[in-house]
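The values are calculated or read from the model by the stated rules, or taken from the named source; none is laboratory data. What you see is a predicted model; the values in this text were computed from it and never measured. Virtual Cβ from ideal backbone geometry, glycine too; neighbours counted across all protein chains shown.
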């Protein structure tokens, strides 16, 4: 564990505002999660994640397991991870490193990969 955390080094409220503007401009959901699974910044996340998966103890545990999987694999040579979470949505993540230390991860997602027609058929 590092002697400092990302939240010690940046203004989280300012980063949240920046990511909110990014989401408004691009419609790309993003989040920053530290190595202790604390959500530092989140915007545009799918309601199924924020209102169900992250609120239900069983599916929230899957969220944390998926976040840990991604964090472990960010050390691989690719420098990023594409991953279908245990609740069925896709995330792409890259490490946030300061002075070579991985302090948090930037997530792009959650993303559905089914077309609207396929989603309607599954409903």
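Among the residues of the range 55-68, is any on the phi > 0 side of the Ramachandran plot and either at pLDDT 80 or above or not in a strand (DSSP E or B) (or both)? Before the answer, list the steps.
First pass over the range 55-68, keeping only residues on the phi > 0 side of the Ramachandran plot: none.
There is no residue in the range 55-68 that is on the phi > 0 side of the Ramachandran plot and either at pLDDT 80 or above or not in a strand (DSSP E or B) (or both).
Within the range 7-27, identify whether any single residue is in contact (Cβ under 8 Å) with a residue 12 or more places away in the chain, farther than 17 Å from residue 109 by Cα, touching a helix residue (DSSP H, G or I) at 6+ places or on another chain (Cβ under 9 Å) and in a loop (DSSP other than H, G, I, E, B), and answer yes or no.
For the range 7-27, residues in contact (Cβ under 8 Å) with a residue 12 or more places away in the chain, farther than 17 Å from residue 109 by Cα, touching a helix residue (DSSP H, G or I) at 6+ places or on another chain (Cβ under 9 Å) and in a loop (DSSP other than H, G, I, E, B): absent.
Of everything in the range 69-85 that's in a helix (DSSP H, G or I) and in contact with a strand residue (DSSP E or B) (Cβ under 8 Å, 6 or more places away or on another chain), which residue is surrounded by the most Cβ atoms within 10 Å (Cβ to Cβ)? Outline the logic, then answer.
So the first thing to find is which residues in the range 69-85 are in a helix (DSSP H, G or I), and the list is 69-73.
In the following step, the residues that additionally are in contact with a strand residue (DSSP E or B) (Cβ under 8 Å, 6 or more places away or on another chain) were identified as 69-71, 73.
Working: 69: 15, 70: 22, 71: 19, 73: 14.
Out of the qualifying residues, it is 70.
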